[in-house]
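Report on the structure given below.
The values are calculated or read from the model by the stated rules, or taken from the named source; none is laboratory data. Keep in mind that what you see is a predicted model, and the values were worked out from it rather than measured. Here Cβ is always computed from backbone atoms with ideal geometry, including for glycine, and neighbour counts include all displayed protein chains. The protein model used for the area step is the full one, side chains on, heavy atoms only, and it has no ligands, DNA or RNA in it. Shrake-Rupley method; radii C 1.70, N 1.55, O 1.52, S 1.80 Å.
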Amino acid sequence: MNPATNKNKIEFKDNVLNYDNQLFYLFESFSGLKIDHLVGYDAIVLEANDPDFTKIILKKFRSHSNPEFYLKPIFLVNYKSINDPVVEALHDGIMITFDQIPEKVNDIQQLFLRSTHLDNSPSTTFEVALVKKILNYMYTREIRSLKPYPDFTSAIGFSYPLLSINFEPFEESKVLEILDWAQKENLIWPDFIDRVYLCNSCGTGHLSYREICPSCDSANMRSEDLIHHFPCGNIGPISDFKNKVDSVLNCPKCNKALRHIGVDYDKPSIINHCLTCNEAFQDYIVKARCFQCGSDSEVQYLVSKNINLYKLTKKGRNAATSGIVTSEYGEEENIFGSVDSKTFAIMMHYEQERTKHKPGSKTSIAVLYMENIFDLLRKIGKSKEKAFIVELVQLIRENITPADFLNISNPSLVSICINDASVEESDIMMRKVLDKIEEMVFNNFNKFQLQMTFKAEALNTDSSFDKQLQEITKTLTELNE
Ligand SMILES: [Zn+2]
Ligand SMILES: [Zn+2]
Ligand SMILES: [Zn+2]
């Protein structure tokens, strides 16, 4: 062999290679699964002939919380593509032989240079930390969008490789929560791709859909055509028209043979017959049973989520280098039309002072207790809970005066300050509120019967408001135990 080419031949020695001032590490399948000792290398060359091993190692690097690992340039060698979107999304290039290493030096330097632009201020929340990490990766690789891929190992049927690797597959619905958060923060912008339906208690999409009997919930049912015989007007299931001998249909009411569909009879619809409880019915219920948590709910209560392709907004593109500035803490928890507990207590204090110094003025404090609201919220599901509470507050507001104010500290307890009303008047008002809520819930949530009680009292002027509220709450909740 020519000594000159031999000299130029690129070879790793004990898995290490220094080329052009870049330190490479060759990660082979017998190198083990540990990566912690690789922090000091400028790039990793990963022996990628085993797809599972390749995926594990890539995930280890990219899910690491330290940028020294998750931003590390990683090249695959001996890679046989199996079109795994996770693997495809997490490497920085493919090499056929080590002789291509010189071509990668510039890429490595560019990646390093871009990583020096990144903002390093500490994150305030879990969401900020995770999204910042994804944005950092995207910035260094000049990636502009997060694309979902169909993935049967994911609990929601789709995965976003860069984000999903930070969660266990069964936690995939948390990926959607993070994306929702990032969208609310205007960091990303959605383009609709598809829609999925998820369990309303655990958030996974591995569901078994069944048509079931409305009276006993059994899926063991048989459906058959309904026959309408024109001459005598008889309507009945087709089995009543059949006989054991031939295929002629005979009307059980008038005994005539049926001749031509559309002429002397037709099939107006289908009738279902439950083989468990014997019930006959036209409309079945469709339920979805969750393979993950076992919850079985009607499909109307499933959580529907859009699967979007997300593009970085201008704010999102800048966030990698300038940090994520989030909207004010706690803002989203506010329920429109209500005040938080602290504000409520302050307002009640002023109200006490006002009534104390204005003889004849009367203010009532009423507490509404919804004993079984958590059963309802479980049916509704976490993601629709807030919308429901907002609707509930609006309904209460419509039945009190604009000057009254209320607080909903825990979904089962609503405290209302009713201004310029006697206890008797407040009682009437509250009864009306209860009726309206009961009706709204019954009509909108499958005849759910919300159990409610309330207590209205004149506002004490001689003891602390907190104490009075506590006592009313205690009476209400203990009464119902
Ligand atoms: Zn007939
Ligand atoms: Zn049945
Ligand atoms: Zn579930």
Query raised in the report: Residues of segment 409-423 being open to solvent by less than 30 Å² (accessible area, probe 1.4 Å) and either over 9 Å from LEU368 (Cβ atoms) or polar (S, T, N, Q) (or both), which ones?
Result: SER412, SER415, CYS417, ILE418, ASN419, ALA421, SER422
Report summary line: Taking segment 248-265 and keeping only residues that are surrounded by 14 or more Cβ atoms within 10 Å (Cβ to Cβ), under 54 Å from the mean Cα position of the chain (by Cα) and outside any loop (DSSP other than H, G, I, E, B), one is left with TYR265
Query raised in the report: Which of the following residues is free of Cβ contacts under 8 Å to residues at least 24 places away in the same chain and not in a helix (DSSP H, G or I): ASN200, ASN243?
Result: ASN243
Query - Residue satisfying condition, being over 30 Å from ASN186 (Cβ atoms), open to solvent by 20 Å² or more (accessible area, probe 1.4 Å) and of a type outside the set (Lys, Arg), within set GLN110, GLN100 - result: GLN100
**Report entry** Selected residue (only one of SER269, SER239 is within 16 Å of ligand 1 (Cβ to nearest atom) and open to solvent by 30 Å² or more (accessible area, probe 1.4 Å))
**Finding:** SER239
Query raised in the report: In segment 1-107, which strands (runs of 3 or more DSSP E) lie fully inside it and hold 2 or more residues that are in contact (Cβ under 8 Å) with a residue 60 or more places away in the chain?
Result: 16-19, 22-27
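Residue by residue, here is whether (1) among the charged types (D, E, K, R); (2) touching a strand residue (DSSP E or B) at 6+ places or on another chain (Cβ under 7 Å); (3) buried (at least 19 other Cβ atoms within 10 Å of the Cβ); (4) over 24 Å from GLN470 (Cα atoms) holds:
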site	(1), (2), (3), (4)
TYR350	no, no, no, no
HIS357	no, no, no, yes
MET370	no, yes, yes, no
ILE373	no, no, yes, no
LEU395	no, no, no, yes
Requested in this report: Please go through segment 282-299 and pick out each residue that is within 16 Å of ligand 2 (Cβ to nearest atom) and charged (D, E, K, R).
Outcome: ASP283, LYS287, ASP296, GLU298
Query raised in the report: Which ones in segment 115-140 are at pLDDT 95 or above and either open to solvent by 40 Å² or more (accessible area, probe 1.4 Å) or not in a helix (DSSP H, G or I) (or both)?
Result: TYR139
Query raised in the report: Which is closer than 29 Å to TYR197 by Cβ, within 16 Å of ligand 3 (Cβ to nearest atom), in contact with a strand residue (DSSP E or B) (Cβ under 6 Å, 6 or more places away or on another chain) and open to solvent by 40 Å² or more (accessible area, probe 1.4 Å), of ARG222, ARG289?
Result: ARG289
Report task. Please tell me if SER383 is in a helix (DSSP H, G or I), buried (at least 19 other Cβ atoms within 10 Å of the Cβ), among the hydroxyl-bearing types (Ser, Thr, Tyr) and assigned by TED's automatic domain parsing to the domain that holds THR363. Result -> no
Report task. Please find, among ILE365, ILE400, ILE396, the residue that is assigned by TED's automatic domain parsing to the domain that holds ARG431, part of a loop (DSSP other than H, G, I, E, B) and at pLDDT 90 or above. Result -> ILE400
**Report entry** Any hit, segment 433-441, residues being open to solvent by 30 Å² or more (accessible area, probe 1.4 Å), within 19 Å of ALA387 (Cα to Cα), of a type in the set (Asp, Glu) and in the same structural domain as MET370 (by TED's automatic domain parsing)
**Finding:** yes
Requested in this report: Would you point out which residue out of GLU398, GLU438 is out of contact with any helix residue (DSSP H, G or I) (no Cβ under 7 Å at 6 or more places or on another chain) and free of Cβ contacts under 8 Å to residues at least 24 places away in the same chain?
Outcome: GLU438
Query - Every pair of residues 6+ apart whose Cβ atoms lie under 7 Å, when the first sits in segment 203-216 and is free of Cβ contacts under 8 Å to residues at least 12 places away in the same chain and of a type in the set (A, V, I, L, M, F, W, C) while the second is assigned to a strand (DSSP E or B) and within 12 Å of ligand 2 (Cβ to nearest atom) - result: none
Requested in this report: Select from segment 198-219 the residues that are hydroxyl-bearing (Ser, Thr, Tyr), under 26 Å from the mean Cα position of the chain (by Cα) and surrounded by fewer than 16 Cβ atoms within 10 Å (Cβ to Cβ) and write down the one among them that is nearest to ligand 1 (Cβ to nearest atom).
Outcome: TYR209
